[in-house]
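A.B. asks: Take a look at this one; I'll ask things after.
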Amino acid sequence: MVNSFLCFFFHAGIFHILFNLIILHFVGRLFMTFFTQKQLLSLYMTGAIFAGLIYLLSYLIFPALINQNAQMVGASGAIMAVLFAVAAYAPYMEVRLLLIGNVKIWHIAFFIW
């Protein structure tokens with residue numbers, strides 16, 4: 001059980017950690033325009049713990065997962081918590097994406113989800 005809560009420090013490969021770091025960098029900068037570093041850290045840790053709890057509870061709730069052998073790795077749940085917090089706080093904030101143009105932050109959160 002402790003391993004499930006510490007898995008947000010591990011990643012499945014180099015591209016997994018690379019994309020998580022890129023998303024965390026840009027979303028963290030957006031988050032910091034509204035909130036403090038302490039709030040970012042507490043949201044990140046809470047998101048990681050909540051993602052681990054959902055992972056563990058899903059095996060108890062959904063009977064189709066009982067005989068499955070899935071692993072939880074990466075910080076994607078914690079990073080998505082930061083992204084959804086920014087999207088909930090300022091959903092109509094526009095972000096300029098390369099080759100796409102201006103996109104509202106809630107569109108990005110919906111697409112990644």
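The values are calculated or read from the model by the stated rules, or taken from the named source; none is laboratory data. From a predicted model like this one, the values you see are computed outputs, not experimental measurements. Here Cβ is always computed from backbone atoms with ideal geometry, including for glycine, and neighbour counts include all displayed protein chains. Note: areas computed on protein heavy atoms with side chains; ligands, DNA, RNA excluded. Shrake-Rupley method; radii C 1.70, N 1.55, O 1.52, S 1.80 Å.
A.B. asks: Calculate one ³J(HN,Hα) per residue across region 75-82 by plugging θ = phi - 60° into the Karplus curve 6.51 cos²θ - 1.76 cosθ + 1.60, and present them in order as whole Hz with x for glycine and proline.
C.D. replies: Calculated HN-Hα couplings, in order: 9, 4, x, 5, 5, 5, 4, 5 Hz.
A.B. asks: Taking amide H atoms as placed 1.01 Å from N in the peptide plane, list the residues 5 or more away in sequence, or in a different chain, whose amide H sits under 5 Å from that of A90.
C.D. replies: The list, which skips near neighbours in sequence, is empty: none.
A.B. asks: Near the amide H of V95, under 5 Å away, which other amide H atoms are found, from residues 5 or more places off or on another chain, if H is placed in the peptide plane?
C.D. replies: Here the answer is V103, K104, I105, since their amide H atoms fall under 5 Å of that of V95.
A.B. asks: Hey, another quick one. At a probe radius of 1.4 Å, what is the per-residue accessible area of I49, in Å² to the nearest 10?
C.D. replies: 80
A.B. asks: Once you place label points 7 Å from the Cα toward the Cβ at R96 and F34, how far apart are they in nm?
C.D. replies: Label at R96, label at F34, 2.2 nm between them.
A.B. asks: Quickly work out the N69-to-F19 label distance, labels modelled 7 Å from Cα along the C-beta direction, and quote it in nm with one decimal.
C.D. replies: For the pair F19/N69, the computed spacing is 2.5 nm.
A.B. asks: Output wanted: per-residue J couplings in Hz (rounded whole) for region 19-35, from phi through Karplus 6.51 cos²θ - 1.76 cosθ + 1.60, θ = phi - 60°, x for Gly and Pro.
C.D. replies: For region 19-35, the Karplus curve yields 5, 5, 5, 5, 5, 4, 4, 6, 6, x, 5, 5, 4, 5, 6, 10, 10 Hz.
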